[in-house]
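What follows is a short report on a single structure.
The values are calculated or read from the model by the stated rules, or taken from the named source; none is laboratory data. All values reported here derive from a predicted model rather than from experimental measurement. Every residue, glycine among them, receives a Cβ derived from its backbone with ideal geometry; neighbour counts consider all protein chains shown.
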Amino acid sequence: MKILVCISHVPDTTSKINFTDGDSKFDTTGVQFVINPNDEFGLTRAMWFKEKQGASVDVINVGGPETEPTLRKALAIGADTAIRVNTEAKDGYQVAKEIANVVKDGGYDLVIAGRESIDYNGGMVPGMIAEMVDANFVTNCISLEVDGSAAKAMREIDGGKETVATSLPLVIGGQKGLVEESDLRIPNMRGIMMARKKPLTIVEPVGASVETSSVKFEKPAPKGAVTLVAPDNLDELVQLLHNEAKVI
Amino acid sequence: MSVLVYTESENGAFKKTAFEVASYAKAVADQMGTTVTAVTVNANDVSELGQYGVDKVLKVSDASLNNFNAKSYAAAIAQAVKNEGAKVVIVSQSADSKYLAPILSVALEAGYASNVMEAPTSTSPFTVKRTAFTNKAFNLTTIDTDVKLVGVSNNSFGLVEKTGSATAEDFAPSLPATGVTVESVDKASDKVTIADAEIVVSAGRGMKGPENWGMIEELADVLGAATACSKPVSDLGWRPHSEHVGQTGKPVASNLYIAIGISGAIQHLAGINASKVKVVINTDPEAPFFKAADYGVVGDAFEVVPQLIEKLKAFKAANA
Ligand SMILES: Cc1cc2nc3c(=O)[nH]c(=O)nc-3n(C[C@H](O)[C@H](O)[C@H](O)COP(=O)(O)OP(=O)(O)OC[C@H]3O[C@@H](n4cnc5c(N)ncnc54)[C@H](O)[C@@H]3O)c2cc1C
């Protein structure tokens, strides 16, 4: 089985979010970038397929050279090769189109992406890839088994979960649950050394168009101070929620 | 030219979000000087949609669509969009709509903006405000394609009642082979889900153990709320993963979020920033959650929650 794992290069979850250039650009000063948490679950599941069932695992990112350390980290975790599509990621459609192009040429059986990346939270790349390459698609995926060309997946739905049967070629949008969190891997020294020798191929973009453009960013208005209510005066809390906040 | 909206139903009845996206579609249609057409799948009584600004309903009735399937639903909606010549397409951000939207976007060559918070700030260029960085910021985005697809965040726009009525028409799209077959659905049907809930009662590691969740459920019950939890709580197996709220869990956009024994780590707050009013109950006055909250009680959950339940019961009885 030939697997491609999409790796989004995102600010670490604790990052302070600021903007520059008249609020038009994300300020990367002092920000640590990591593998998107949803993609980390997918990468670990791909490693499981590789080790238990035999599979090759490539990782891909659409982005500039600054994303290479994140791809190297994925190689250190155990991916075989990395691909960087050499263009700035501008919107979900463009990223999906660039990846879909690599998927078509590479003959992948399974594409694992995260259900969304934690920077723009678009939640569109995996579904768009599936539609562009005419593959089956399951998102919010919390378990995946593959047997030959048949696949069984579970996905989270509002208020529960659903089990589905499908087949390869398949694209999934993965999330926590795909593997146990305790099974997520941290690159060890040997992995890091080996990653240096593994191929990181730079592919030129097909020049996919963008469909949406970011105009500017805004930060939420600063919040007023909390109104504290004494624990022995909960009537006041009930009244505040009723009369002031009007939520009960 | 109309605005087309997909209004979701379950077991024949509309979800609340259906009325919210209809209200949103009406606001866009007013801005553009056009009408609203809704697409429904196996919904029984579609007349209610008229009260939220829908002019025309395309009713799809097909037993093969009883279980949601992203590909078939997207195909049905895409055909309706083409038939109507709609230029703007509105969906909710339920798990199902988020599933079908990217497929629809490619099928229609329509630029897609997800997690949209308010009516467009302009329709030419078509500009919407969406959340970014897991609710830590907003992004103004233009959709530059001829047809535009907008995913409206739940509880962000609200319901706007109108005094209209909708005409209904049967619509029979041709459906593709699905490729994904639902084998089983495991869902508690009597519970309010986090995605739909107007009130969410959430608890963290401060509850000490799963045996103490009775009072959390009781509080939720009194308020007609959904229950939720912080990540360590679901990691420890005290509560199901589907209740885990935050950056790596579910986003919550309720009107009221009550956080009990939750510290308010940045990853948790990221998931609840879109909630309108936040109440925190925590023993530690330095807990970061107090900075994000509107109302706070510094106190022991084991004493505060049972009392709060009594007070709310009394309030409900008095206001019944
Ligand atoms: C990559 C990453 C992603 C993450 N994603 C998420 C996420 O999506 N969601 C999430 O929630 N977390 C997430 N986390 C974890 C997050 O950083 C915190 O560890 C977590 O939110 C803490 O949960 P908690 O507040 O329940 O527990 P604790 O931090 O243990 O806090 C418990 C709180 O309860 C209070 N308390 C104790 N006893 C009582 C009592 N009797 N009455 C009242 N209050 C009491 C304490 O004062 C304390 O504030 C993530 C972390 C990482 C690294």
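Do you know which residues across the stretch B:266-305 are away from the ligand (no atom under 12 Å from the Cβ) and either in a strand (DSSP E or B) or more than 9 Å from chain A (Cβ to nearest Cβ) (or both)?
Within the stretch B:266-305, B:Ala274, B:Ser275, B:Val277, B:Lys278, B:Val279, B:Tyr295 qualify.
Could you tell me whether the stretch B:198-209 includes any residue that is away from the ligand (no atom under 16 Å from the Cβ) and touching a residue at least 40 places away in the same chain (Cβ under 8 Å)? Show your work before the answer.
Of the residues in the stretch B:198-209, the ones away from the ligand (no atom under 16 Å from the Cβ) are B:198-199.
From what's left, touching a residue at least 40 places away in the same chain (Cβ under 8 Å): B:198-199.
Yes; the residues of the stretch B:198-209 include at least one that is away from the ligand (no atom under 16 Å from the Cβ) and touching a residue at least 40 places away in the same chain (Cβ under 8 Å).
Between a residue in the stretch A:211-233 that is within 21 Å of B:Glu310 (Cβ to Cβ) and any residue that is assigned to a loop (DSSP other than H, G, I, E, B), which pairs come within a Cβ distance under 9 Å, given they are 6 or more apart or on different chains?
As it stands, the answer is A:Leu228/B:Pro285; A:Ala230/B:Gly299; A:Pro231/B:Gly299; A:Pro231/B:Asp300; A:Asp232/B:Gly299, since those pairs meet every condition given.
Scan the stretch B:159-168 and tell me whether some residue there is closer than 26 Å to A:Gly123 by Cα, touching an Asp or Glu at 6+ places or on another chain (Cβ under 7 Å), within 16 Å of the ligand (Cβ to nearest atom) and assigned to a loop (DSSP other than H, G, I, E, B).
No, there is no match, as no residue in the stretch B:159-168 is closer than 26 Å to A:Gly123 by Cα, touching an Asp or Glu at 6+ places or on another chain (Cβ under 7 Å), within 16 Å of the ligand (Cβ to nearest atom) and assigned to a loop (DSSP other than H, G, I, E, B).
Quick test for you: out of B:Lys148, B:Lys136, pick the one residue that is facing chain A (nearest Cβ under 10 Å) and within 27 Å of A:Thr14 (Cα to Cα). Reasoning before the result, please.
Working: B:Lys148 fails: within 27 Å of A:Thr14 (Cα to Cα).
After ruling out the rest, the residue left standing is B:Lys136.
Scanning for something more than 16 Å from the ligand (Cβ to nearest atom), assigned to a strand (DSSP E or B) and within 13 Å of chain B (Cβ to nearest Cβ), does the stretch A:21-33 turn up at least one residue? So that I can check it myself, show each step before the final result.
From the stretch A:21-33, those more than 16 Å from the ligand (Cβ to nearest atom) are A:21-30; that's our starting set.
Still in the running and assigned to a strand (DSSP E or B): A:25-26.
Now drop any that are not within 13 Å of chain B (Cβ to nearest Cβ), which leaves A:25-26.
Scanning the stretch A:21-33 turns up at least one residue that is more than 16 Å from the ligand (Cβ to nearest atom), assigned to a strand (DSSP E or B) and within 13 Å of chain B (Cβ to nearest Cβ).
So which residues in the stretch A:106-134 are within 25 Å of B:Gly111 (Cα to Cα) and more than 8 Å from chain B (Cβ to nearest Cβ), if there are any at all? It would help to see each step written out before you state the result.
In the first step, residues of the stretch A:106-134 are kept if they are within 25 Å of B:Gly111 (Cα to Cα); the result is A:111-134.
Passing the criteria: A:Val111, A:Ile112, A:Ala113, A:Gly114, A:Arg115, A:Glu116, A:Ser117, A:Ile129, A:Val133, A:Asp134.
Among the residues of the stretch A:193-234, what is the count of those that are in a strand (DSSP E or B) and at pLDDT below 95? Spell out how you get there, then give the answer.
Step one: of the stretch A:193-234, the residues in a strand (DSSP E or B) are A:200-203, A:212-218, A:227-228.
This time we only want the ones that are at pLDDT below 95, so: none.
Of the residues in that region, 0 qualify.
Collect the residues in the stretch B:167-192 that are among the polar types (S, T, N, Q), surrounded by fewer than 15 Cβ atoms within 10 Å (Cβ to Cβ) and at pLDDT below 95, keeping them in residue-number order. Break it down stepwise before answering.
Looking only at the stretch B:167-192, we keep the residues that are among the polar types (S, T, N, Q), and these are B:167, B:174, B:178, B:181, B:184, B:189.
So of that shortlist, the ones also surrounded by fewer than 15 Cβ atoms within 10 Å (Cβ to Cβ) come out as B:167, B:174, B:181, B:184, B:189.
Correct list: B:Ser189 only.
Conditions tested, residue by residue: (1) away from chain B (no Cβ under 11 Å); (2) of a type outside the set (Gly, Ala, Ser).
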| site | (1), (2) |
| --- | --- |
| A:Ser182 | no, no |
| A:Lys198 | yes, yes |
| A:Val206 | yes, yes |
| A:Glu211 | no, yes |
| A:Ala221 | no, no |
| A:Leu228 | no, yes |
| A:Leu240 | no, yes |
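Considering B:Glu183, B:Glu211, which residue is away from every other protein chain (no Cβ under 12 Å) and charged (D, E, K, R)? Quick ask: steps written out before the conclusion?
Details: B:Glu183 fails: away from every other protein chain (no Cβ under 12 Å).
The match here is B:Glu211.
With respect to B:Glu161, determine if the residue is at the interface with chain A (Cβ under 8 Å from one of its Cβ atoms) and surrounded by fewer than 18 Cβ atoms within 10 Å (Cβ to Cβ). Before the answer, list the steps.
Working: at the interface with chain A (Cβ under 8 Å from one of its Cβ atoms): no; surrounded by fewer than 18 Cβ atoms within 10 Å (Cβ to Cβ): yes.
For B:Glu161, the condition - at the interface with chain A (Cβ under 8 Å from one of its Cβ atoms) and surrounded by fewer than 18 Cβ atoms within 10 Å (Cβ to Cβ) - is not met.
Do we find that A:Asn18 is within 15 Å of the ligand (Cβ to nearest atom) and either modelled with pLDDT of 95 or more or facing chain B (nearest Cβ under 10 Å) (or both) in this structure?
Details: within 15 Å of the ligand (Cβ to nearest atom): no; either modelled with pLDDT of 95 or more or facing chain B (nearest Cβ under 10 Å) (or both): yes.
Taking the combined requirement at face value, the residue does not satisfy it.
Scan the stretch B:103-117 residue by residue and report those that are in contact with a strand residue (DSSP E or B) (Cβ under 6 Å, 6 or more places away or on another chain) and either part of a loop (DSSP other than H, G, I, E, B) or within 7 Å of chain A (Cβ to nearest Cβ) (or both).
Residues of the stretch B:103-117 that are in contact with a strand residue (DSSP E or B) (Cβ under 6 Å, 6 or more places away or on another chain), as a first pass: B:105, B:110-117.
If the condition is that a residue be in contact with a strand residue (DSSP E or B) (Cβ under 6 Å, 6 or more places away or on another chain) and either part of a loop (DSSP other than H, G, I, E, B) or within 7 Å of chain A (Cβ to nearest Cβ) (or both), then B:Ser105, B:Ala110, B:Gly111, B:Tyr112, B:Ala113, B:Ser114, B:Asn115, B:Met117 are the ones that fit.
Could you grab me the full set of residues in the stretch B:1-28 that are aromatic (Phe, Trp, Tyr) and buried (at least 24 other Cβ atoms within 10 Å of the Cβ)?
As a first pass, look at the stretch B:1-28 and keep what is aromatic (Phe, Trp, Tyr): B:6, B:14, B:19, B:24.
Once the filter is applied, which keeps residues that are aromatic (Phe, Trp, Tyr) and buried (at least 24 other Cβ atoms within 10 Å of the Cβ), the stretch B:1-28 yields B:Tyr6, B:Tyr24.
Give the stretch B:242-258 a look and list any residue that's within 11 Å of chain A (Cβ to nearest Cβ) and either among the aromatic types (Phe, Trp, Tyr) or more than 11 Å from the ligand (Cβ to nearest atom) (or both), or say none.
Here is the first cut: in the stretch B:242-258, the residues within 11 Å of chain A (Cβ to nearest Cβ) are B:242-244, B:246-251, B:254-258.
Once the filter is applied, which keeps residues that are within 11 Å of chain A (Cβ to nearest Cβ) and either among the aromatic types (Phe, Trp, Tyr) or more than 11 Å from the ligand (Cβ to nearest atom) (or both), the stretch B:242-258 yields B:Ser242, B:Ser254, B:Asn255, B:Leu256, B:Tyr257, B:Ile258.
I'd like to check which strands (runs of 3 or more DSSP E) are fully inside the stretch A:90-184 and have at least 1 residues that are modelled with pLDDT under 95 and under 18 Å from B:Ser94 (Cβ atoms).
Details: elements: A:110-114, A:136-147, A:150-157, A:160-167, A:170-174.
Ranges flagged: A:150-157, A:160-167.
Is it true that some residue in the stretch B:224-233 is farther than 25 Å from B:Ser92 by Cβ, within 10 Å of another protein chain (Cβ to nearest Cβ), assigned to a helix (DSSP H, G or I) and within 9 Å of the ligand (Cβ to nearest atom)? If you could, list the steps in order and put the result at the bottom.
Filtering the stretch B:224-233 for residues farther than 25 Å from B:Ser92 by Cβ gives B:230-233.
Narrowing the set further to residues that are within 10 Å of another protein chain (Cβ to nearest Cβ) leaves B:231.
Retained after the next criterion (residues that are assigned to a helix (DSSP H, G or I)): B:231.
Keeping just the survivors that are within 9 Å of the ligand (Cβ to nearest atom) gives B:231.
Yes; the residues of the stretch B:224-233 include at least one that is farther than 25 Å from B:Ser92 by Cβ, within 10 Å of another protein chain (Cβ to nearest Cβ), assigned to a helix (DSSP H, G or I) and within 9 Å of the ligand (Cβ to nearest atom).
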